[in-house]
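Structure below; questions to follow.
Any read-out appearing in this document is the output of simple, stated calculations on the displayed coordinates, not a laboratory observation. These numbers were taken from a predicted model, which means no experiment stands behind them. Here the Cβ positions follow ideal geometry from the backbone for every residue, glycine too, while neighbour counts run over all protein chains shown.
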Amino acid sequence: MVPIITVFERSPDGGKGLSRDMRVRWALAEVGQPYDVRTVSFAAMKQSAHLKRQTFGQIPTYEEGDLVLFESGSIVLHIAQNHSGLLPADTNAAARAITWMFAALNTVEPPILELQNAKFAEGDRPWAAERMPLVRDRIRERLAQLSDYLGDADWLEGGFTAGDLMMVHVVLRLRPSGLLDEFPNIASYVARGESRPAFRRAYEAQLPENVSKPGRG
Ligand code: GTB
């Protein structure tokens, strides 16, 4: 059965692979699972057909027979647990990989989202310029900790796992900010992720749907 994922009809990033469907596409590409795509407009996302799939009116979602999932982390975990290639066979090693997925989503992504809010949602507020250095410092703190842990390793836990997939995709969004350049081992880590054939396939898949459309980021 070929799963169906929902993606933006027009991604606001204009095809840079930053929307959260990209991490799902990447996971599916890593495990060699073909998928179909259902595009949804911003308006359709807030209507009942989509709200039945995604309570909060967002993408991505994942449908596989009777199963409907939302939350990119939950979807990537489901894919990783049901195919080989994204989680180690050893139970403890798999738990470590899942820990990094949660770390990416729960510890590293929130300050990065704050930067997006500071730039795009709050950029015109009188206090925006004063707040920005605080927002960037909170990200730096997390990147410094991640950088210390990663050291000169290729991946977080030996071989590439779903934890790396999630971390790379979360951190990738920082490239326009210049913050990645302050941490060369993280910049290399992200580049290593992007150079994986499965990442390239996922990127190429989302590109024609989004390129040349109005964007930001
Ligand atoms: N926690 C959820 C998950 O991980 O699945 C969050 C899902 C989410 O925020 N989805 C966004 C969405 O549907 C798209 S990815 N937004 C529409 C809405 O909330 O109304 C977020 C995103 C948007 C734009 C860019 N960009 O332009 O670079 C990058 C990422």
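Using the basic label-point model (7 angstrom from Cα toward the beta carbon), what is the THR55 to MET1 distance in nanometres?
Result: 2.2 nm between the two label points.
Right, another one. No solvent, one uniform scatterer per C-alpha: report log10 I(q)/I(0) for the range 74-217 via the Debye equation at q = 0.10, 0.19 1/Å, two decimals.
Those come out to -0.39, -1.22, one per q.
Sticking with this structure for a sec: What does the extension gain come out to for GLU141 and GLN116, with contour length at 0.36 nm per residue minus their alpha carbon separation?
Residue separation times 0.36 nm, minus the Cα-Cα distance, leaves 7.3 nm.
Further question: State which stretch of the chain is the longest one without any exposed trypsin sites (Lys or Arg not before Pro), exposure meaning a DSSP loop state and at most 14 other Cβ atoms within 10 Å.
Longest run free of exposed loop sites: 53-215.
Select from the range 83-182 those chymotrypsin sites (Phe, Trp or Tyr not before Pro) which occupy a DSSP coil region and have at most 14 other Cβ atoms within 10 Å, ordered by residue number.
TRP127
List the chymotrypsin sites (Phe, Trp or Tyr not before Pro) within the range 22-99 that fall in a DSSP loop (any state other than H, G, I, E or B) and whose Cβ has at most 10 other Cβ atoms within 10 Å.
Passing both the DSSP loop test and the Cβ count: PHE56.
With +1 assigned to the C-beta of every Lys and Arg and -1 to the C-beta of every Asp and Glu, and no other charges, what is the dipole magnitude of the chain about the Cα centre in debye, to the nearest 20?
Dipole about the Cα centre, nearest 20: 600 debye.
If R₀ is 25 angstrom, what is the calculated FRET efficiency for the pair VAL37 and ARG175, using the beta carbon separation as r and rounding to 0.05?
Given R0 = 25 Å and the Cβ-Cβ separation, E is 0.50.
Net charge around TRP26, counting only other residues with Cβ within less than 9 Å of its Cβ (Lys, Arg = +1; Asp, Glu = -1)?
Counting the neighbours of TRP26, the net charge comes to +3.
What residue among LEU150, LEU87, LEU67 shows peak mean-square fluctuation when the chain is described by a Gaussian network model with Cα springs under 10 Å?
Judging by the Gaussian network model, the answer is LEU67.
Further question on the same structure: If the chain between ARG201 and ASP154 were fully stretched, how many nm would it gain, using 0.36 nm times the residue separation less the Cα-Cα distance?
Working it through step by step, the gained length comes to 14.8 nm.
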